[in-house]
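The values are calculated or read from the model by the stated rules, or taken from the named source; none is laboratory data. Quick caveat, the model's predicted, so the values are computed rather than measured. Positions of Cβ are generated from backbone atoms using ideal geometry, with glycine treated the same way; all protein chains shown enter the neighbour counts.
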Amino acid sequence: MGVIKYTAEQLNSLYWGQRLSIRQIASRFHSNVSAIHKAMVRCGVPRRSLSEANRPPKMGKLNPRWKGEDIIPKSGRSRARRLYPKQLCHICGKLGERHHKDNNPLNNDPSNIEWLCRKHHMEADGRLGRRLRNGRFFSRARQDYAAVVG
């Protein structure tokens, strides 16, 4: 089997004109990807940058690992971190955290997200009242027990 020759015009028209990937060009010539890549380098065909590759981002439902709304609360919080960059607390102006108004981390609707500093976020969640003198927190079960007993 002899060496397959690719012309610069062929590679340029397929890669830049028809916007085919190197893998698609290799399958069209019944060759492997590394041979096409070497031929492109030899012929002086420039590579596309990531922005020129024109690949749509695989976010949300386009991602093959998308689970829909069947996720755990930790995943909802990480989605909120990706969707909403950090902002200032709307009460005191310090660097804020994302607070879900309805206490459902899976609901990342913009109307449900509020920006609060750590102190105001703990007040809104009711965690500030569960703080001991040494700064540690005790569980809600212990707080309920203390309310009933004492």
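Given the options K86, K61, K67, name the one that is more than 16 Å from D125 (Cα to Cα), in the same structural domain as D125 (by TED's automatic domain parsing) and either in contact with a Cys (Cβ under 7 Å, 6 or more places away or on another chain) or exposed (fewer than 12 other Cβ atoms within 10 Å of the Cβ) (or both).
Numbers: K61 fails: in the same structural domain as D125 (by TED's automatic domain parsing); K67 fails: in the same structural domain as D125 (by TED's automatic domain parsing).
The match here is K86.
Can you tell me which condition G76 does not meet? The list is (1) surrounded by fewer than 14 Cβ atoms within 10 Å (Cβ to Cβ); (2) under 22 Å from the mean Cα position of the chain (by Cα); (3) part of a helix (DSSP H, G or I), and all the others hold.
Result: G76 passes all but (1).
Outside any loop (DSSP other than H, G, I, E, B), within 32 Å of the chain's Cα centre (by Cα), on the phi < 0 side of the Ramachandran plot and basic (K, R): does that describe R48?
Details: outside any loop (DSSP other than H, G, I, E, B): no; within 32 Å of the chain's Cα centre (by Cα): yes; on the phi < 0 side of the Ramachandran plot: yes; basic (K, R): yes.
When the stated conditions are applied, R48 does not pass them.
Would you check which residues across segment 89-99 are surrounded by 15 or more Cβ atoms within 10 Å (Cβ to Cβ) and aliphatic (A, V, I, L, M) and list them? Working first, answer last.
Going residue by residue through segment 89-99, those that are surrounded by 15 or more Cβ atoms within 10 Å (Cβ to Cβ) are 89, 91, 96-99.
Selection gives I91 alone.
Among what's in segment 6-20 and is free of Cβ contacts under 8 Å to residues at least 12 places away in the same chain and in a loop (DSSP other than H, G, I, E, B), pick the residue that is surrounded by the most Cβ atoms within 10 Å (Cβ to Cβ). Lay out the reasoning, then the answer.
The initial filter retains those residues of segment 6-20 that are free of Cβ contacts under 8 Å to residues at least 12 places away in the same chain, namely 9-10, 13, 17-18, 20.
Checking which are in a loop (DSSP other than H, G, I, E, B) leaves us with 18, 20.
Numbers: Q18: 10, L20: 16.
Checked segment 6-20; the qualifying residue surrounded by the most Cβ atoms within 10 Å (Cβ to Cβ) is L20.
Failed condition for S31, given (1) assigned to a helix (DSSP H, G or I); (2) touching a residue at least 12 places away in the same chain (Cβ under 8 Å), with all others met?
All conditions are met except number (1).
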